[in-house]
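The values are calculated or read from the model by the stated rules, or taken from the named source; none is laboratory data. Just so it is clear, the structure is predicted and the values come from calculations on it, not from any experiment. For the accessible areas, the whole protein counts, side chains as well, though only heavy atoms, and no ligand, DNA or RNA atoms are used. Shrake-Rupley method; radii C 1.70, N 1.55, O 1.52, S 1.80 Å.
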Amino acid sequence: MEERLITRYLLSACVLAGIMAAPAFAANTFQITCSEIHFAYSGNSATLQAVCLRANGTPNATTLTLQGISNQNGKLVQGGGASTFQQSCGNIMILLDNGPGVTLSAICRTTSGAGNATSLSLDNIANDNGKLVQH
């Protein structure tokens with residue numbers, strides 16, 4: 001009986017340690033099965049657009065609306081609600097590295113009117129059967 005209790009305790013401790021060690025943001029995976037990845041305007045919204053493969057291998061043009069990104073005195077900041085950074089930033093680009101990194105880059109106005117080069121990591125984006133989704 002005591003051995004089962006110790007085993008159960010150790011198993012619970014290992015599971016808890018695994019959960020606590022998990023990263024706050026998961027790595028992006030969509031760039032493995034998507035191409036033509038770029039920033040675009042869709043009406044007044046800021047979007048990430050790509051052509052992603054479905055599970056059966058056929059391509060699908062897809063759009064993900066970027067949510068909660070704002071320009072705070074020349075710096076891109078992730079928050080809540082609709083994105084507004086596109087109203088005061090220019091030269092907006094999506095940058096990909098050779099790994100899971102995806103970065104939103106722009107030159108944004110400060111409160112004094114100067115331009116400031118800034119970037120923000122975009123996390124948790126995936127290709128769900130040909131559609132961009134953010135978890």
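Quick look at the numbers
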| read-out | value |
| --- | --- |
| Where segment 54-135 is the region considered: accessible area per residue in Å², 1.4 Å probe | 54 Å² |
| Inverse of mean 1/r across different Cα pairs in segment 41-135, Kirkwood, Å | 14.1 Å |
